[in-house]
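First comes the structure, then the notes that go with it.
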Amino acid sequence: MTTARAAVAAVVDPELRVITIEELGILRSVAEEPATGRVVVTITPTYTGCPAMDVIRADIRRALAAAGHPQAEVRTVYTPAWSTDWITEAGRAKLARAGIAPPGPVRPAGPVPLTLTVRCPWCGSPETEQISRFGSTACKALRRCRSCTEPFDHLKAL
Amino acid sequence: MTAHVEQTGPEPVPTAPGTTSAVPGMTPAAPKPVTKRFEFVLGLADDALVAAQRLAEWCTRGPEMEEDIALANIALDQLGAARLLLTYAGELEGAGRDEDALAYRRDDREFRNCLLVELPNGDFAVTMAKLFFLAAYQVPLYTALAGCGDERLAAIGAKARKESAYHLEHASLWVRRLGDGTDESHRRMQAAVDEVWPYLHELLTPDPAAPVDPATLRADFDSVVSRVLSEATLTVPETSWTPAGGRNGLHTEHLSYLLAELQVLHRAHPGASW
């Protein structure tokens, strides 16, 4: 029987299909009550309005049931607020391989006029430009590479 | 729809302390101490909910595909904040109303949003002016909430301020692009600022008893607004007209139509979910 923690950690994000919810940093805790075998999972959303949360909750319950933990509760917490800094190194590498430029470090508070470059995940060129600040999901921006001309998604620092 | 949850008149009769007003119809009869905190949170929730609904009207109508997606994403962020705030407002009220009951089963007089967010989208410049001023207000508001003594509001503020920062950046860019663009785009952006400007007064109306007094946000609001308008070569309109009343449930005629569209499904199929 897979441990509850391992089963939940392997759940894949429904909108970033290449990384797990653990690598994305939205899985906060998995606790098993020894007496009842009931599993309590705590997650946090990337964005407040993230429409993938319902699917993630269902996927977690499904993964736990398949691993022999039919009794499960998924709780959502909002504090501390999720940050792209919580995405693991392995997660960043997987995103880049899938053509999604991983986020840079979160900027300190206050207006910072300079923008750090985002490298093209396809050819590695730093010569890229933003097409749209908002992409196919709330967490992504759309960019284009000026060297290889390929468009690509960029996970915004948050 | 046959029954209203509650019919609030222009001059609500205060309930004497210790008495219970039974609400006929759909809600369970329960005492409803309408607290100051509830009204404050409901105001912020309704700002976000109504802004989300207005922005969503741009879906499939954006001037370019990227902008269509951007406005839908910003609407989604506003909706996310609205859901958290409405849920909390329902708990503060303690009358058993959840986010859906508050969003779908209140009439216009019970909404507490500022008038700015309910104004029609107008042309793209008006939409950007509305979004710019809303974000310039929400960023310092959510930042201040993140440090306030109310744990729930602090958590919501800490989460929402990051998203609002992107909204402000996005709207500022368009205000500058249009204001400092062609003669026609400048004319339209200035007209949009002129049209929306009187409604900003309501956003920063002092409320010293609130968890965050809106008057304390004025310095941040003014500094962002004057910087961006000046970069956009736009001028601050001179007007002494200061429409208000949204926080007391007195709205423009536009809100009822917006709510009719927002609530029609839930009114026709109460409790519908998917």
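The values are calculated or read from the model by the stated rules, or taken from the named source; none is laboratory data. Values in this document were obtained by computation on a predicted structure and should not be read as measured data. Don't worry about glycine lacking a Cβ; one is built from the backbone with ideal geometry, like all the others, and counts go over all protein chains shown.
Some notes on this structure:
- Flag for residue B:124 being under 14 Å from the mean Cα position of the chain (by Cα) and within 27 Å of residue B:256 (Cβ to Cβ): no
- Extreme residue, nearest to residue B:154 (Cα to Cα), among residues of the stretch B:37-77 that are assigned to a helix (DSSP H, G or I), more than 8 Å from every other protein chain (Cβ to nearest Cβ) and without any contact (Cβ under 8 Å) to a residue 12 or more places away in the chain: B:68
- Taking every residue in the stretch B:250-274 that is surrounded by fewer than 14 Cβ atoms within 10 Å (Cβ to Cβ) and pairing it with any residue that is among the aromatic types (Phe, Trp, Tyr) and not in a loop (DSSP other than H, G, I, E, B), at least 6 positions away or on another chain, yields no pair with a Cβ-Cβ distance below 8 Å.
- Some residue of the stretch B:222-238 being touching a residue at least 60 places away in the same chain (Cβ under 8 Å), over 30 Å from residue B:37 (Cβ atoms), within 14 Å of chain A (Cβ to nearest Cβ) and not acidic (Asp, Glu): yes
- Residue in the stretch B:142-164 that is surrounded by the most Cβ atoms within 10 Å (Cβ to Cβ), counting only those that are aliphatic (A, V, I, L, M) and touching a helix residue (DSSP H, G or I) at 6+ places or on another chain (Cβ under 6 Å): B:160
- For the stretch B:219-243, filtered to residues that are closer than 19 Å to residue B:191 by Cβ and among the charged types (D, E, K, R), the residue that is modelled with the lowest pLDDT is B:238.
- Positions within the stretch A:18-61 being in a loop (DSSP other than H, G, I, E, B) and without any contact (Cβ under 8 Å) to a residue 12 or more places away in the chain, in sequence order: A:33, A:34, A:35, A:51
- Scan of the stretch B:233-268 for residues that are assigned to a loop (DSSP other than H, G, I, E, B), within 12 Å of residue B:118 (Cβ to Cβ) and of a type in the set (A, V, I, L, M), ordered by number: B:250
- Some residue of the stretch B:165-182 being within 18 Å of the chain's Cα centre (by Cα), touching a residue at least 24 places away in the same chain (Cβ under 8 Å) and over 28 Å from residue B:62 (Cβ atoms): no
- Subset of the stretch A:76-103 (residues that are assigned to a strand (DSSP E or B) and either in contact with an Asp or Glu (Cβ under 8 Å, 6 or more places away or on another chain) or away from every other protein chain (no Cβ under 14 Å) (or both)): A:100, A:101
- Yes/no for residue A:136 being under 29 Å from residue B:59 (Cα atoms) and either modelled with pLDDT under 90 or assigned to a loop (DSSP other than H, G, I, E, B) (or both): yes
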